[in-house]
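Below is one structure; the comments refer to it alone.
The values are calculated or read from the model by the stated rules, or taken from the named source; none is laboratory data. What you see is a predicted model, and the numbers here were worked out from it, not measured in a lab. Here the Cβ positions follow ideal geometry from the backbone for every residue, glycine too, while neighbour counts run over all protein chains shown. Ligands, DNA and RNA are stripped out before the accessible areas are found, and what is left, the full protein with its side chains, is counted by its heavy atoms. Shrake-Rupley method; radii C 1.70, N 1.55, O 1.52, S 1.80 Å.
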Amino acid sequence: LVLSILVELWLLTYAFKRRSYSVAFIFCLMMLCLLVWTFGYIMELAAPDLERALFWANVQFLGIVFLPLIWLAMVVDYTGQWRSWRPFWGWALIFPVVTNLVIWTDPYHHLFRGTPVLKTTGAFPVLNSDYGFWYYFPTATVDFLLFGLGFVLLVQVYRSGSALFRRQILGIGLATLL
């Protein structure tokens with residue numbers, strides 16, 4: 001996990017130096033989301049009790065729920081379709097914001113988690129989140145749709161692109177699948 005953070009920081013720094021390119025700026029946002037996710041997970045594993053583990057699990061979702069949308073934004077920008085997608089982004093940001101509100105207020109309604117428990121069977125206590133309706137239906141469904149839509153856009157541009165463009169698209173697609 002520490003190695004992941006170092007790679008994410010290096011990629012963030014590399015892209016930040018090129019932030020005048022819109023796709024590099026969007027990539028910076030993606031790396032920030034991954035850093036929040038990874039750091040939150042490290043802290044979740046280090047948490048001594050359920051309350052702190054849940055807090056750090058919630059922190060992770062600050063990055064996780066924005067990641068599919070930012071990835072789609074990067075694909076849209078990379079494929080040169082930003083202008084036609086402009087009206088979409090304002091509305092699209094509503095879902096991750098609402099999802100984070102659902103996550104942080106979950107103790108009052110249990111839409112995101114049912115009855116989470118901290119299991120201490122190995123070297124680290126592991127949070128069993130017992131995900132509920134909001135995680136499986138809207139969140140997972142929207143995330144898969146956004147990733148799928150991005151792949152469709154990449155495939156469309158792959159077909160008409162030059163050899164260099166095709167290799168780049170193949171690299172983006174394989175990295176995302178991994």
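With the full set of protein chains in place, find how many percent of the accessible area of the stretch 98-178 is carbon and sulfur; take the probe as 1.4 Å.
Details: 3670 of 5270 Å².
Exposed carbon and sulfur together represent 70 percent of the surface.
From most to least packed by mean Cβ count within 10 Å, the peptides 58-71, 3-16 give 58-71, 3-16. Note the angle between two axes, namely the Cα long axis of helix 82-92 and the longest principal axis of the Cα atoms of the chain, as a number of degrees from 0 to 90, rounded to the nearest 10. It is inclined by approximately 20 degrees. Applying 0.36 nm per residue to the separation of TRP10 and PHE144 and subtracting their alpha-carbon distance, the gain on full extension is 45.5 nm. Calculated mean residue ellipticity at 222 nm for the chain: -23500 deg cm²/dmol, from DSSP H runs with n ≥ 4 weighted as -39500 (n - 2.57), summed, divided by the residue count and rounded to 500.
Nothing charged except the Cβ atoms of Lys and Arg (+1) and of Asp and Glu (-1): what's the magnitude of the dipole of the chain about its Cα centre? Round to the nearest 20 debye. Mind dumping the intermediate values first?
Values: 11 positive and 8 negative charges, 171 e Å.
For this selection, approximately 820 debye.
Probe of 1.4 angstrom, ligands and nucleic acids ignored: what's the accessible area per residue over the stretch 74-128, in square angstrom? Write out the running numbers ahead of the final one.
On the way: 3490 Å² over 55 residues.
Dividing the accessible area of the stretch 74-128 by its residue count gives 63 Å².
Taking all protein chains together and a 1.4 Å probe, the residues TRP56, TRP37, TRP91 rank TRP91, TRP37, TRP56 from largest to smallest accessible area. For the pair VAL2 and THR115, the difference between a 0.36 nm per residue extended length and the Cα-Cα distance amounts to 37.7 nm.
How large is the charge dipole for the stretch 1-79, taken about the Cα centre, if only the Cβ atoms of Lys, Arg (+1) and Asp, Glu (-1) carry charge, to the nearest 20 debye? Write out the running numbers ahead of the final one.
Details: 4 positive and 5 negative charges, 76 e Å.
Magnitude of the dipole: close to 360 debye.
Between TRP82 and VAL126, the modelled labels are 4.3 nm apart [label points 7 Å from Cα along Cα→Cβ].
3J(HN,Hα) along the stretch 61-74, derived from phi through the Karplus expression 6.51 cos²θ - 1.76 cosθ + 1.60 where θ = phi - 60°, amounts to 5, 4, x, 4, 6, 8, 4, x, 5, 5, 4, 4, 4, 5 Hz, with x in place of Gly and Pro.
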